[in-house]
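Below: one structure, written as structure tokens.
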Amino acid sequence: MYLHSNRATALAALVLSLSLMTACGSDDSGSDSGGESDGGGDVALTMLPKNLGNPYFDTSTKGAEAAAEEVGAAIEQVGPETGDDPAGQVPFINTVAQQGADGLIVSANDPEAICDAIGEARDAGVKVVTFDSDTNPECRDLFINQATSEGIAAKQLELISEQIGGAGEIAILSAAANATNQNAWIEMMEAELESNPDYADIELVDTVYGDDQDQKSFDQTEALLQNHPDLKGIISPTTVGIAAAARYLSESEAKGKVMLTGLGTPNQMRPFVEDGTVEAFALWNPADLGSLAVYATTALVNGDITGEEGDTFEAGELGEFEVGADGVVLLGEPFTFDADNIGDFDF
Ligand code: RAM
């Protein structure tokens, strides 16, 4: 259920060593896709997060860069400034196809809107792997999934239920309205709330979208509290949303009264766990996710796997992985952070 401590230690070491390196490979300008490349191998990869400037994706890219160095691949990061435009990633995908990169690793802002561009890239010989947020399965070669959607949904409900004493109104503060990953988790939370008798006294009264933008998420939190005076808890299944909501709550009268959980990075959430705004939240390690995506994409590019169910490949320190149904490779299970363990993590 929880991360192995040896894996956590290895991750901490990885993140530390990466933080000592300069971010020389990241093109954070977002203005074009011609960023400098890390590494110098034969395999050229491009990393396309939902948007730039999100610490979650900064960490996944660092993990990807470390893995690229391990396998001798070159990698660059490109991406839009914001993730609320369903087609905002299309120009970057087009450039990857034109440049003739070997592999594209993308967290999709929309399950369908980037599929045509991905199709053209694949026709041009680019292996396309989604990570974090999928497209429709037929659009890409593989999806590197952080944890099962069922597991992520169940964990967040378990946490909010514990924190509000199993009864009362809750709301969801999500990312962009079209985000494949958040929408899958929300759908499963809704189904679980309906069917699980443990949650019979919990009512989901609202779902709002902060578009993975800090200020919008902050404002949406304020609006939720105004519109639902009896609100007992908020689930924010996005690292941007939960951090903004925690900041709002920590400075408001609702601190300690309206509970907040969801998916956050330990570094962003630490002050709010320490000041009592937040009891516990969950996530996986984004560096592992980026690393696994690079190993999988390189295995495709090198022809070691084709992406068929049952294909296996090595992912360095993470071990061996197998491609499952619908071309999904599963990283692991969500991990819960609280006051007792949050000091052990640095990402
Ligand atoms: C945000 C993004 C990302 C999601 C995490 C939990 O950083 O929306 O896609 O996986 O939160």
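The values are calculated or read from the model by the stated rules, or taken from the named source; none is laboratory data. Since this is a predicted model, take the numbers as computed values, not measurements. Quick reminder, even Gly has a Cβ in these numbers, built from the backbone with ideal geometry, and neighbours come from all protein chains shown. Quick note on the areas: whole protein, heavy atoms, side chains included, nothing else; ligands and nucleic acids left out. Shrake-Rupley method; radii C 1.70, N 1.55, O 1.52, S 1.80 Å.
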Counting only protein heavy atoms and rolling a 1.4 Å probe, one gets per residue an accessible area for segment 149-283 in Å² of 38 Å²
Under the Karplus relation 6.51 cos²θ - 1.76 cosθ + 1.60, θ = phi - 60°, what is the ordered set of whole-Hz ³J(HN,Hα) values for segment 222-229, x standing for Gly and Pro? 4, 5, 4, 5, 5, 6, 10, x
For Leu104, which sequence-distant residues (separation of 5 or more, or a different chain) have an amide H within less than 5 Å of its own amide H, given hydrogens modelled in the peptide plane? Thr46, Lys127, Val128, Val129
Helical mean residue ellipticity (222 nm; -39500 (n - 2.57) per DSSP H run of 4+; nearest 500) of the chain: -12500 deg cm²/dmol
Counting only heavy atoms of the protein chains, get the accessible area per residue of segment 43-118 (1.4 Å probe) and round it to a whole Å² value. 29 Å²
About its Cα centre, the chain carries a charge dipole, from +1 on Lys and Arg Cβ atoms and -1 on Asp and Glu Cβ atoms, whose size in debye to the nearest 20 is 560 debye
Over the chain, what is the relative contact order in percent, taking alpha-carbon pairs closer than 8 angstrom and at least six residues apart? 19 percent
If contacts are Cα pairs under 8 angstrom and at least 6 residues apart, what is the relative contact order of segment 149-283 in percent? 28 percent
Segment 163-204, relative contact order [Cα under 8 Å, separation at least 6], %: 60 percent
Which pairs, out of Lys216/Lys255; Lys155/Lys255; Lys127/Lys216; Lys62/Lys257; Lys50/Lys127, put more than 27 Å between their alpha-carbon atoms? Lys127/Lys216; Lys62/Lys257
With angles folded into 0 to 90 degrees, how steeply does helix 90-99 sit against the dominant principal axis of the chain? Use alpha carbons for both and round to 10. 20 degrees
Report, by chain and number, residues whose modeled amide H sits under 5 Å from the one on Glu203, excluding near sequence neighbours (fewer than 5 apart, same chain). Gly168, Glu169, Ile170
Between the alpha carbon centres of segment 224-240 and segment 147-178 the gap in Å comes to 11 Å
Return one number: the angle in degrees, 0 to 90 and rounded to the nearest 10, between the long axis of the Cα atoms of helix 5-20 and the longest principal axis of the Cα atoms of the chain. 70 degrees
Segment 149-283 shape via C-alpha gyration tensor axes, a/c threshold 1.5: rounded
Taking Cα atoms only, helix 55-71 is inclined relative to the longest principal axis of the chain by an angle, in degrees rounded to 10, of 30 degrees
